[in-house]
């Protein structure tokens, strides 16, 4: 069997040595001189190590994700030190996911500047506004909470309470 015609001249010489098996040259197999075998071994080793790392990271992620609750989404108005925490539930006291909470804040000279902030609740029905002003010229701030066709308005004066916690129950009228 002449394999040498399919190979480059250098590699063909190694095959001829293996076929002849001469007494003065040690008999070497073609696989010993193949450049692909060491790569195959390292590729297999890399693949095995990579799969082991993926499995370990995946197992650690599953263990960590079961212990944590979803992070509370927050939006920062950068207008002052006050915050407002919301928990939105339905009439059966179940948290409402992705309920939109919107507030418009007027500020500046003659209330010419306007900041519209809107955020959606997480799977626990929670959301947080940060950086709200501690004084507004025309109180109260009006937080509008809506989910689907349900909505509710929550008035708040930050001069009275700078860090309120609201529990909003969305129910059909």
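Taken together, the values in this text are just the output of simple stated rules run on the coordinates, not laboratory data. This is a predicted model, so every value here is computed, not measured. Note that each Cβ is placed from the backbone with ideal geometry, even for glycine, and that neighbours are counted across all protein chains shown.
Here are a few things to note about the model shown:
- Hits in the range 154-173 - residues which are closer than 19 Å to residue 106 by Cα, surrounded by fewer than 11 Cβ atoms within 10 Å (Cβ to Cβ) and touching a residue at least 12 places away in the same chain (Cβ under 8 Å): 155
- Every residue from the range 132-153 that is closer than 17 Å to residue 121 by Cβ and surrounded by fewer than 19 Cβ atoms within 10 Å (Cβ to Cβ): 144, 146, 148, 149, 150, 151, 152, 153
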